[in-house]
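Written below as C-alpha cells is the structure these notes are about.
The values are calculated or read from the model by the stated rules, or taken from the named source; none is laboratory data. Small disclaimer: the values here were computed from a predicted structure and weren't measured. Using ideal geometry, Cβ is built from the backbone for each residue, glycine included, and neighbour counts are taken over all protein chains shown.
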C-alpha cells in the first residue's frame, strides 16, 4: 500500500478552496503513480497451482524486514511516509478453488494481506463462497495517522491516532433471482491529540489543549435483490450508531502563546459527548430493453442526534480582570436526508443515444439546540437558539451521443440545477426574547457541454470536450459562477506501445456580497509505456498543473488594538511539475530487476525568497510569504528479486525520499531525507 501523502496540506490551508483541493489531489496522485518498493509483485510457485483434495491451491507469502534511516524533520516524514524498522508480513495471497465447482463447504477462498505486523498501513481481505448458496466478503484495515499540523501552529496542533475499519458482507443465494444481503461495518479511531483555543477574547492569545480522541461508528445492513421479467429491484435497510466522547483539558495553568497579553488560563475543562443514530433505506429499480432503459434510485436517512457540551474556563481577560465562564450547549436534532435519481436512456437508432437524468436532494436539520454562556463573575447569560437549517436541490440534465461515422462522434448536453438554502436562528436579546432571524437563498445553474470523438485510425483516438456554466447566486466565494472548462485527450495504443497526452483548463470567476473570487487551472499530462521484449518494459509519465487563485479577505490585526482589516487580497500561485520513470527487466528463470524514479516539483511563482528584504507594511509582510510555497519531493527506488527455486525467491529493495522546501513558512523548514528498504523471502508452500 502506498503511503498517504499530505505533503502539501499546509499550502492549501490558506485558501481553503476547491482549486486548492484539486491541486492537492494532483500532487498526491503524482506520487501514487510510482510503484512501492515492497511488497514484491513477482510470481512464485507453480503457475497453475497445486491440487489438494479436489481443490486447486495457489499461494504466496512474503516475510521480511523493513529498515529506515531518517534525517531532518521526522514529524513531516511520519505524516508523509511513516515506514519504520521491524519485521513484518509484507504481503500474502491465497486462492483455493474447487476443481469441479461442487466443493463440500466452499468453492472459492481468496485471502490477501498487506503490511501485517508493523506497517503503518495494514489490510486483509477475505472472500469465501459456495456456488448458489452463499458469498462472504471481509475487508479489514488499520491506519496509523500522524499529523504534526501546520508550521504556523508552533507545534501545538498534533494528531497521533490509530484508525481501524472492518466491513463484513454476506449474500445468500448469490446466483439466484432472489438474493438476501447482510452486512456490518465498524470504524473506530483513538489516540492522543493536541489543539489550541482562544478564550475570553479572540484577538489576543492561544492556549494549548490536550485530548484523547475516542470515536466509534457501527453500521448494520439488511437487504436483497429481486429479478423478475427484466426488472431488477435492490433494497437495503441500514442502522448506524455513532458516538464520540473526546475530552479536552488544560494540562497546567498557562499564559498562552503571547505572554505580553494579559489573557491567561488557570483552569479549563470541556466535555462534549455526542451520540446519534441513523436508520436509512436504499432502493434501486433497473430495467433494460432494446430501445430504452431506466434506472431509478432512492435513499433516505433519518438521522437523530443528541449532544451536550459543558465547558468551564477560569482565568483573566486581556485587561487583567478575573474571568470565570461556563458554557453549556445541548439539544437534540433530527437530520432527515432524502435523495432520488431517475435516469432514462433512449436508443432511437444504432448511432444515437439520449439520456435524461433528474435528481433531487433534500436535507433538513431541525430540533432544540440551545447555546448558553454564563459568566459566573457578572452573573450574566447569553443565549442563542438554532431551530432549523435546510438545503433542497433539484437537477435535470439531458445528453445526446451521436456516432456520425465509425471514426467520428459527437456529444452535447444541457444541465440545470436549482438549490434553495434556508436557515432560522432565534436570538434571545430582546426583552421579550425570541428575535427571529430567517434567511434563504436560491442558486440556479445553467451548464452546456459539448464533445467530439475522433478515431482516424484503429490505434489512434482523440477526445475533445468543453463545458460552460453560469450561476446567479452562488453561496460561497469559491462556488462556480462564471465557469468554463476545456479538455482534450489523444491516445495511440498497439500491442506493445501506449502513448497518450491530455490537456485541461478550468476558469471560474465569482463575486458575492462578502468578496470576489477568481481561479485558473491548467493541466498538461503525457504517458508512455513500451514492452520492448517479453523480458524488458518501460513506463514514463509527466504532468504539469498551473493554478492561481485570488480572493478578498477580512481579518483582525494591528497593535496595540486589533482592527478589522478589509480591502486586502488572498493570492495563491503554484506550478507543479511531476514526472515518473520505471524500468522492468527479467533474466528468465533467474532474476528480475525494477528501477524507478519519481519527482514532484512546485516552482511557485518563480520568486527566490519568501518576501522582499524590506516591507514597510506589516500586513503585506505577513501575506506575501504565504502566496506560494515552492518545494520538491523526489523518490528513486530499486528492487531485485532472485529466483532460488520454483517456490522461493529472495528480494531486496531500497527507496529514498527527499522533501525540500525552498522557503519555509515563518522561516520554519520541514525538510527531511529518508533511506528506506527491505529484504524478504517470497515463498509458496
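Looking across the range 175-204 at every residue that is under 30 Å from residue 233 (Cβ atoms) and over 32 Å from the mean Cα position of the chain (by Cα), the one that is surrounded by the most Cβ atoms within 10 Å (Cβ to Cβ) is identified as 179.
Consider residue 207 carefully, then state whether it is at pLDDT below 85, loosely packed, with under 15 Cβ neighbours inside 10 Å and more than 27 Å from the chain's Cα centre (by Cα).
On the way: at pLDDT below 85: yes; loosely packed, with under 15 Cβ neighbours inside 10 Å: no; more than 27 Å from the chain's Cα centre (by Cα): yes.
Here the answer is no, as residue 207 does not meet what is asked.
Inside the range 85-104, can you point out the residues that are buried (at least 16 other Cβ atoms within 10 Å of the Cβ) and more than 30 Å from residue 131 (Cα to Cα)? Outline the logic, then answer.
Of all residues in the range 85-104, those buried (at least 16 other Cβ atoms within 10 Å of the Cβ) come to 88-98, 103.
Those that are buried (at least 16 other Cβ atoms within 10 Å of the Cβ) and more than 30 Å from residue 131 (Cα to Cα): 88, 89, 90.
If you filter the range 555-568 down to residues that are in a strand (DSSP E or B) and in contact (Cβ under 8 Å) with a residue 40 or more places away in the chain, you find that the one that is farthest from residue 37 (Cα to Cα) is 565. Tell me whether the range 625-636 contains one or more residues that are more than 29 Å from residue 50 (Cα to Cα), at pLDDT below 85 and out of contact with any strand residue (DSSP E or B) (no Cβ under 8 Å at 6 or more places or on another chain). Checked against the condition, which is being more than 29 Å from residue 50 (Cα to Cα), at pLDDT below 85 and out of contact with any strand residue (DSSP E or B) (no Cβ under 8 Å at 6 or more places or on another chain), the range 625-636 yields no hits at all.
Just a yes or no: is a residue in the range 509-519 in contact with a helix residue (DSSP H, G or I) (Cβ under 9 Å, 6 or more places away or on another chain), in a strand (DSSP E or B) and either on the phi < 0 side of the Ramachandran plot or at pLDDT 95 or above (or both)? Walk me through how you get there before you give the answer.
Looking only at the range 509-519, we keep the residues that are in contact with a helix residue (DSSP H, G or I) (Cβ under 9 Å, 6 or more places away or on another chain), and these are 519.
After this cut, where a residue has to be in a strand (DSSP E or B) as well, the list is 519.
If we keep only those that are either on the phi < 0 side of the Ramachandran plot or at pLDDT 95 or above (or both) too, we end up with 519.
For the range 509-519, residues in contact with a helix residue (DSSP H, G or I) (Cβ under 9 Å, 6 or more places away or on another chain), in a strand (DSSP E or B) and either on the phi < 0 side of the Ramachandran plot or at pLDDT 95 or above (or both): present.
From the list 504, 537, which residue is closer than 30 Å to residue 601 by Cβ, free of Cβ contacts under 8 Å to residues at least 24 places away in the same chain, touching a strand residue (DSSP E or B) at 6+ places or on another chain (Cβ under 7 Å) and part of a strand (DSSP E or B)? Reasoning before the result, please.
Numbers: 537 fails: free of Cβ contacts under 8 Å to residues at least 24 places away in the same chain.
Checking each option against the conditions leaves just 504.
Among the residues of the range 660-671, those that are assigned to a strand (DSSP E or B) and either out of contact with any helix residue (DSSP H, G or I) (no Cβ under 9 Å at 6 or more places or on another chain) or modelled with pLDDT of 95 or more (or both) comprise 660, 661.
For every residue, the table says whether it meets (1) within 31 Å of the chain's Cα centre (by Cα); (2) loosely packed, with under 13 Cβ neighbours inside 10 Å; (3) closer than 19 Å to residue 411 by Cβ.
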{"site": "437", "(1), (2), (3)": "no, yes, no"}
{"site": "449", "(1), (2), (3)": "yes, no, yes"}
{"site": "456", "(1), (2), (3)": "no, yes, yes"}
{"site": "461", "(1), (2), (3)": "no, no, yes"}
{"site": "464", "(1), (2), (3)": "yes, no, yes"}
{"site": "467", "(1), (2), (3)": "yes, no, yes"}
{"site": "482", "(1), (2), (3)": "yes, no, no"}
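Only one of the numbered conditions (1) closer than 21 Å to residue 548 by Cβ; (2) surrounded by 15 or more Cβ atoms within 10 Å (Cβ to Cβ); (3) over 26 Å from the mean Cα position of the chain (by Cα) is violated by residue 684, and that is (1). Only one of the listed residues (305, 318, 325, 335) is modelled with pLDDT of 85 or more and on the phi < 0 side of the Ramachandran plot. That residue is 335. Within the range 642-653, is there a residue that is more than 25 Å from residue 79 (Cβ to Cβ), without any contact (Cβ under 8 Å) to a residue 12 or more places away in the chain and in a strand (DSSP E or B)? Yes - at least one qualifying residue is present in the range 642-653.
Among the residues in the range 611-632, are any in contact with a helix residue (DSSP H, G or I) (Cβ under 7 Å, 6 or more places away or on another chain), surrounded by fewer than 17 Cβ atoms within 10 Å (Cβ to Cβ), assigned to a loop (DSSP other than H, G, I, E, B) and free of Cβ contacts under 8 Å to residues at least 24 places away in the same chain?
Yes, the range 611-632 has at least one match.
You will find that of 280, 320, the residue that is within 30 Å of residue 388 (Cβ to Cβ) and either in contact (Cβ under 8 Å) with a residue 40 or more places away in the chain or surrounded by 15 or more Cβ atoms within 10 Å (Cβ to Cβ) (or both) is 280 and no other. Of all the listed residues (137, 107, 119), the sole one being in contact with a strand residue (DSSP E or B) (Cβ under 7 Å, 6 or more places away or on another chain), surrounded by 20 or more Cβ atoms within 10 Å (Cβ to Cβ) and under 30 Å from residue 176 (Cα atoms) is 107.
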